[in-house]
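The values are calculated or read from the model by the stated rules, or taken from the named source; none is laboratory data. Small disclaimer: the values here were computed from a predicted structure and weren't measured. Here the Cβ positions follow ideal geometry from the backbone for every residue, glycine too, while neighbour counts run over all protein chains shown. The protein model used for the area step is the full one, side chains on, heavy atoms only, and it has no ligands, DNA or RNA in it. Shrake-Rupley method; radii C 1.70, N 1.55, O 1.52, S 1.80 Å.
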Amino acid sequence: MADSLPVPTNKPVPSSDIRDSVYAGAMLDKIITSRELTYTDRLGGEHYTADGIKHEGDRVIENTRQNLIPLSRQYMSIAEAQADIENIPDGSATYIRSDDGSSLADEYINNGGVLEPTGRKMTSQYALDSVSSALYSSASYQSIKRIPRGPSNIRWGVISGGFWLIAVDVSGVLISTHNHENYENTFKNLGNPVLISAIVKASPSRIPRGPKKVTSGLIVGGLYRWYLDDDGNYVDGISDASDSVYAPGVVRSDIGTGQSLALGSRGFINTAPGGAISGQVFSSEPSRHGDLCLMLNGEDSPGNSMGVRVFVNNDNYTPPSIDDFTGVQPIYERWDNGVLGETIWSAYANSLMTSLKNEKNVSFRLLPIVSGKGASTYNSLKRGTNVWNAMFAAIDAAQYLVEERGWIYRVGDLDTMHGEAEINTTQAEYEGYCREWLSDFRTDAVSRTGQTARSIKMTFSQCSTGGTASEGVAAAQINLHETDDNFILYCPKYQFPYYDAQHMLAEGYVKVGELRARAKRFMLNGKKWDCLRPVAAVLSGTTLTVKFNNSVSGDVNTAGPIGSLVLDTLRGKNPNGNYGFYISDTSVTILSVAIGTDGSSVDIALSAAPTAGSVVKYAIGETGAGGAVRDSDERDKSSFDNDFIYNFSVGKSLTINQ
């Protein structure tokens, strides 16, 4: 009778408990001596014994012998193979060259020492030519003029007669095919019973629509790599010569919303501040990138054309329907009478696409959409409003029109140019609005495209006007940026020319779009753009040092402001003679402002030490708020005037550390 073993513990490995040591010794004896194939350790895990390891190795070797060895031998005739039957294990298969050329080789199986044909064949060019002939001469090939829709997760497939013959999803699984005429019979000649079984059992499924005259084609990665039109002509799937290097099958719509700034109000060139509107926009020509940078076109009412802008004029406005949009075209800006001119979106799309081409990283097309309403609070823009409904009508139309072309549609980030109408809204209230705004937008976008919610962020340029009445909005924007990766504040707007107290001229819209494109380049590479901003305020005697976040030694790969700080009153503003800095203790006077020797701080000389708890403000919460602090970033030049696009600091209020 075997000796009884102590009951082991469940202590973590290694255990010094004597019970575990005795048990382990017994198991070691079992590994070496026992004829059983496995043993169980003290924690319940099952392992091979020495005999078990040998048994498993023998099994693998025999399996290899049964399958690999006979398949590796080549036989020119059935007689030659039969003479070598001892090397073809019973039940295994081998291949013998075909006599008639209808296949490359025929499969035979060893059935008790006699080779018998299985009916399976290695495909020859002759068989493939026969399949092609059957496909392209079929009645359905001659009659079907349109490819049906389908799910966006198809990544490879062969189409004929307007139907999928084979479709494979992103996981490599056959998910869709149509059985029509005798195509399943032609596939049987290919000698693949697994594929034939999948084809026979599969149910029809829709695919993305392609060009209207496609009858047959090859799709790889969501793109038509080639197709045949209804005249039988071969057509390259790439749209035109300018895109010969780039054939992105994904179209991305970043969505703009907000007040009149979002719609490009007063965005004109050759217009003096407060003067007569010229009606001239900067980006008046279609994008030089062709159909890599797109916009919708259509009319929501006779004579009222839509492009990048989809907007509502009043609360009684009926949002457009899908049928109001007639297609897509290269993006440009236009004036349709009134006060709406250049938006940020042509400059954004053209600047970003130029960078992506330079990096040889064009993986999607751009199709921005803007829906907004002037002088509106969040309550007039959120889910359920006309602005929201118009925005998603345009998104639905874009998705339909994009998939008509055989592309895949995705919703990008939500950009808000908003806040001036939020009079006396607190920081906490506006942060709550933004979180709800993004959450609702993600939910409604994802329900249409199936993409992940986390792929959609909220971006904004800081609300720079409104004085103390809108300070809560500006403070909320910088705090969301600093504390939540879902929100990206990419620039202020005070440094640009304005038509009036609220609205920029065309230069401002163009450069805000280009600054957003710079931020987006880094976001596409998994980096969050960090705007120039003050981060600390320290008092020493009567000298206040405000520290900024610029990287003095930064380079082109730095996802934020680089180079030394500069006080630039030529491009920026000096509203109070102190370059945009204010001290809350009104008994204290600012005597001078200068860039610190480290290049990343500003030294402010004061008439006296402020009282405890005082704050220093930069470009926030004051009438005509603005400033002159920028970095020395010369990575990019503006298409507007070929000037460097520097990063000016956003506005912020800091408690002084004394």
Worksheet item: For segment 543-555, which residues satisfy the criterion of being farther than 11 Å from residue 603 by Cβ and surrounded by fewer than 16 Cβ atoms within 10 Å (Cβ to Cβ)?
Response: 552, 553, 555
Worksheet item: So which residues in segment 423-455 are assigned to a loop (DSSP other than H, G, I, E, B) and within 30 Å of residue 622 (Cα to Cα), if there are any at all?
Response: 423, 424, 425, 426
Discussion item. Condition (residue is charged (D, E, K, R), over 17 Å from residue 369 (Cβ atoms) and at pLDDT below 95) applied to segment 462-473: is it met by at least one residue?
Written reply: yes
Discussion item. Taking the condition of being among the hydrophobic types (A, V, I, L, M, F, W, C) and at pLDDT 75 or above, how many residues in segment 23-54 meet it?
Written reply: 3
Item to complete: Tell me, yes or no, whether segment 439-451 has at least one residue that is within 30 Å of residue 341 (Cβ to Cβ) and among the polar types (S, T, N, Q).
Response: no
Practice prompt. Any residue in segment 486-502 that's within 22 Å of residue 339 (Cβ to Cβ): show its pairings with residues that are of a type in the set (Ser, Thr, Tyr) and modelled with pLDDT of 95 or more at Cβ separation under 7 Å, as long as the two are six or more apart or on different chains.
Written response: 493/461
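Conditions (1) at pLDDT 95 or above; (2) touching a Ser or Thr at 6+ places or on another chain (Cβ under 6 Å), marked per residue:
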{"residue": "578", "(1), (2)": "yes, no"}
{"residue": "592", "(1), (2)": "yes, no"}
{"residue": "605", "(1), (2)": "yes, yes"}
{"residue": "611", "(1), (2)": "yes, no"}
{"residue": "615", "(1), (2)": "yes, yes"}
{"residue": "618", "(1), (2)": "yes, no"}
{"residue": "621", "(1), (2)": "no, yes"}
{"residue": "624", "(1), (2)": "no, no"}
{"residue": "628", "(1), (2)": "yes, yes"}
Worksheet item: If you check 603, 568, which single one turns out to be out of contact with any Lys or Arg (no Cβ under 6 Å at 6 or more places or on another chain) and among the acidic types (Asp, Glu)?
Response: 603
Worksheet entry | Positions within segment 273-287 being surrounded by 14 or more Cβ atoms within 10 Å (Cβ to Cβ), farther than 16 Å from residue 307 by Cα and either small (Gly, Ala, Ser) or without any contact (Cβ under 8 Å) to a residue 12 or more places away in the chain (or both), in sequence order | 278, 279
Item to complete: Those residues that are out of contact with any strand residue (DSSP E or B) (no Cβ under 9 Å at 6 or more places or on another chain) and open to solvent by less than 10 Å² (accessible area, probe 1.4 Å), I need them from segment 468-513; list them, please.
Response: 470, 473, 476, 506, 509, 510, 513
Worksheet entry | Search result, residues across segment 86-117 that are surrounded by fewer than 17 Cβ atoms within 10 Å (Cβ to Cβ) and at pLDDT 85 or above | 111, 112, 113, 114, 116, 117
Discussion item. Condition first: of a type outside the set (S, T, N, Q) and in contact with a Leu (Cβ under 8 Å, 6 or more places away or on another chain). Now tell me which residues in segment 623-658 satisfy that.
Written reply: 628, 629, 630, 631, 645, 648, 650, 656
Item to complete: Looking at (1) under 28 Å from residue 604 (Cβ atoms); (2) surrounded by fewer than 17 Cβ atoms within 10 Å (Cβ to Cβ), find the lone condition where residue 527 falls short.
Response: (1)
Practice prompt. State the number of residues belonging to segment 559-582 that are open to solvent by 20 Å² or more (accessible area, probe 1.4 Å), in contact (Cβ under 8 Å) with a residue 40 or more places away in the chain and closer than 17 Å to residue 548 by Cα.
Written response: 5
Worksheet item: Filter segment 636-653 for residues that are surrounded by 18 or more Cβ atoms within 10 Å (Cβ to Cβ) and of a type outside the set (Ser, Thr, Tyr); which is nearest to the chain's Cα centre (by Cα)?
Response: 636
Discussion item. Among the listed residues 515, 532, 544, 570, identify the single one that is in a strand (DSSP E or B) and either more than 30 Å from residue 260 (Cβ to Cβ) or not charged (D, E, K, R) (or both).
Written reply: 544
Worksheet item: How many of the residues in segment 612-635 are farther than 25 Å from residue 541 by Cα, among the polar types (S, T, N, Q) and more than 33 Å from the chain's Cα centre (by Cα)?
Response: 1
Worksheet item: Among the residues of segment 374-384, is there at least one that is out of contact with any strand residue (DSSP E or B) (no Cβ under 8 Å at 6 or more places or on another chain), more than 17 Å from residue 460 (Cα to Cα) and not in a loop (DSSP other than H, G, I, E, B)?
Response: yes
Worksheet item: If you check residue 599 against the conditions, is it assigned to a loop (DSSP other than H, G, I, E, B), at negative phi, open to solvent by less than 20 Å² (accessible area, probe 1.4 Å) and not polar (S, T, N, Q)?
Response: no
Discussion item. Against the definition (loosely packed, with under 12 Cβ neighbours inside 10 Å and modelled with pLDDT under 75), how does residue 20 come out, yes or no?
Written reply: no
Item to complete: Filter segment 409-432 down to the residues that are touching a Leu at 6+ places or on another chain (Cβ under 9 Å) and open to solvent by 10 Å² or more (accessible area, probe 1.4 Å), then identify the one that is modelled with the highest pLDDT.
Response: 431
Discussion item. Criterion first (within 40 Å of the chain's Cα centre (by Cα), surrounded by 17 or more Cβ atoms within 10 Å (Cβ to Cβ) and assigned to a loop (DSSP other than H, G, I, E, B)) does residue 609 satisfy it?
Written reply: no
